[in-house]
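A.B. asks: Following this message is one structure expressed as structure tokens.
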């Protein structure tokens, strides 16, 4: 491959790469999601509980700055704070970052959708990847 074509390919990949925060307490599932998303070309930061997730999001919760992430993937049963509460907190601060809530609870799914989140079943990695692709088509949030 010639150098000009390689450079164009790199630029294209960078344009389509998202910065994704994955919050999941199950280390095997978190790793599986992270590996799948990295193979899709995305930059992934992993959080194992609400404390790590909040630390990663701290700058956006304190000051009105752009989100450091293009997508947040969070399980409902995250230790420390339920995923729906984290979503509601972001929305109450006018944060439009695409949020994918992982839950199998019908009532939680409905409330999350009303807050503008995508909702997927807990073990459906392909559905999570599809939701990330939809977020990529919409484009990064400008919080």
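The values are calculated or read from the model by the stated rules, or taken from the named source; none is laboratory data. A quick note: this is a predicted structure, and the numbers were derived from the prediction, not measured. Neighbour counts run over all protein chains shown; Cβ positions are idealised from the backbone, glycine included.
A.B. asks: Can you tell which of 106, 118 is within 15 Å of the chain's Cα centre (by Cα) and over 17 Å from residue 31 (Cα atoms)?
C.D. replies: Residue meeting the stated conditions: 118.
A.B. asks: Tell me yes or no: at least one residue of region 67-81 is farther than 23 Å from residue 121 by Cβ, in contact with a helix residue (DSSP H, G or I) (Cβ under 8 Å, 6 or more places away or on another chain), modelled with pLDDT under 95 and surrounded by 16 or more Cβ atoms within 10 Å (Cβ to Cβ).
C.D. replies: Yes, there is a match, as at least one residue in region 67-81 is farther than 23 Å from residue 121 by Cβ, in contact with a helix residue (DSSP H, G or I) (Cβ under 8 Å, 6 or more places away or on another chain), modelled with pLDDT under 95 and surrounded by 16 or more Cβ atoms within 10 Å (Cβ to Cβ).
A.B. asks: Inspect all residues belonging to region 101-119 and state whether any of them is at pLDDT below 95, on the phi > 0 side of the Ramachandran plot and touching a strand residue (DSSP E or B) at 6+ places or on another chain (Cβ under 8 Å).
C.D. replies: Among the residues of region 101-119, at least one is at pLDDT below 95, on the phi > 0 side of the Ramachandran plot and touching a strand residue (DSSP E or B) at 6+ places or on another chain (Cβ under 8 Å), which makes the answer yes.
A.B. asks: While we're on this one: Just to be sure I understand, how many residues within region 98-135 are farther than 17 Å from residue 86 by Cβ and part of a loop (DSSP other than H, G, I, E, B)?
C.D. replies: Within region 98-135, residues that are farther than 17 Å from residue 86 by Cβ and part of a loop (DSSP other than H, G, I, E, B) number 4.
A.B. asks: Going through region 1-30 one residue at a time, which ones are part of a helix (DSSP H, G or I), at pLDDT 85 or above and out of contact with any helix residue (DSSP H, G or I) (no Cβ under 9 Å at 6 or more places or on another chain)?
C.D. replies: 27, 28, 30
A.B. asks: Here is a check on your reading of the model: is residue 136 modelled with pLDDT under 95 and either farther than 17 Å from residue 48 by Cα or surrounded by 13 or more Cβ atoms within 10 Å (Cβ to Cβ) (or both)?
C.D. replies: Taking the combined requirement at face value, the residue satisfies it.
A.B. asks: Looking at region 51-65, can you tell me whether even one residue there is at pLDDT 95 or above and in a loop (DSSP other than H, G, I, E, B)?
C.D. replies: Within region 51-65, not a single residue is at pLDDT 95 or above and in a loop (DSSP other than H, G, I, E, B).
A.B. asks: Keeping to region 86-97, report how many residues are surrounded by 13 or more Cβ atoms within 10 Å (Cβ to Cβ) and either within 11 Å of the chain's Cα centre (by Cα) or in a helix (DSSP H, G or I) (or both).
C.D. replies: 7
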